[in-house]
Amino acid sequence: MYNNLASSIFGCLDRLWEVYDEIDSLMPNFKRIAAYDCPKDCRRCCDTPAKNIEASIFEILPLSIHLWQKGEAESCLRKIKETNPESPCVFYDNFPSRQLAGGCRAYFWRPLVCRLFGFSATTNKYGKPLIVLCRRMKKMDLGLEDRIQGMINQELKIPNNSNYALKISLINPFLGQIRYSINEALGRALEMVGYRISLMSNTHENTSVNATSKRPEPPHFQPLSQKGRTQEGSEKIRSRR
């Protein structure tokens, strides 16, 4: 999925993709049996300030590497710098006519919270999975939550946010345990990828992000002031709307 340079800079990304693939394999069966899915062209979960959507740097490294490979990293960094905590995710697209999956211009590369929101469970104090639905869906069908929870109690498999968040954080504890607003996480990840690619390129003159791009310079991005939070202290998968 990545060239040799990217793979050599950041290890364990294959293990991250294994987690994402496992989640994606569970979703279709869960949606089919539960008869539950997002309304067509609904983008409500993303139509919120970026500070309400949290991700770790590790979760968003694949997108960051992709942006450097496409030559879009520095423009993305500038856009992030121009945002404020009340701005939405920089990849949110509120134009249904464009028919983007989930209203996201980086849907394939989305982090954990974006993959699980509205279709996952947390673990209650008894160690049992507890469904977490978005508020809009609960308002549209007042019996939905009880109906799906009953199926889960009867062994319907559902992705568990608590388990997957812990699994990802343990793959790379240094980059996977602190969570930031999604825009800040992306900005920090882009900085890190760009800087480390530059270091590698200085060591291997013939190596670049891709075969045609020029050697990137370290990006000059000033991180946002918002502080990160540990995984233990935050679970933003809970309903935000």
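General remarks:
- Scope segment 31-48; condition under 22 Å from GLY103 (Cα atoms) and surrounded by 17 or more Cβ atoms within 10 Å (Cβ to Cβ); matching residues: TYR36, CYS38, CYS42, ARG43, CYS45, CYS46
- One residue stands out among those in segment 168-190 that are assigned to a helix (DSSP H, G or I) and of a type in the set (D, E, K, R): the one that is farthest from ASN124 (Cα to Cα), which is ARG188.
- None of SER169, SER120 is out of contact with any Pro (no Cβ under 7 Å at 6 or more places or on another chain) and of a type in the set (S, T, N, Q) except SER169.
- Of everything in segment 4-30 that is at pLDDT 90 or above and β-branched (Val, Ile, Thr), the residue that is farthest from ILE168 (Cα to Cα) is ILE23.
- The single residue among ILE80, ILE131 that is free of Cβ contacts under 8 Å to residues at least 40 places away in the same chain, in contact with an Asp or Glu (Cβ under 8 Å, 6 or more places away or on another chain) and surrounded by 15 or more Cβ atoms within 10 Å (Cβ to Cβ) turns out to be ILE131.
- Counting the residues of segment 124-167 that are out of contact with any strand residue (DSSP E or B) (no Cβ under 7 Å at 6 or more places or on another chain) and part of a helix (DSSP H, G or I) gives 17.
- Restricting attention to segment 30-69, the residues that are in a loop (DSSP other than H, G, I, E, B) and of a type outside the set (A, V, I, L, M, F, W, C) add up to 10.
The values are calculated or read from the model by the stated rules, or taken from the named source; none is laboratory data. Computed from a predicted structure; not experimentally measured. A quick note on method: Cβ atoms are made from the backbone with ideal geometry, for glycine too, and the neighbour counts reach across all protein chains shown.
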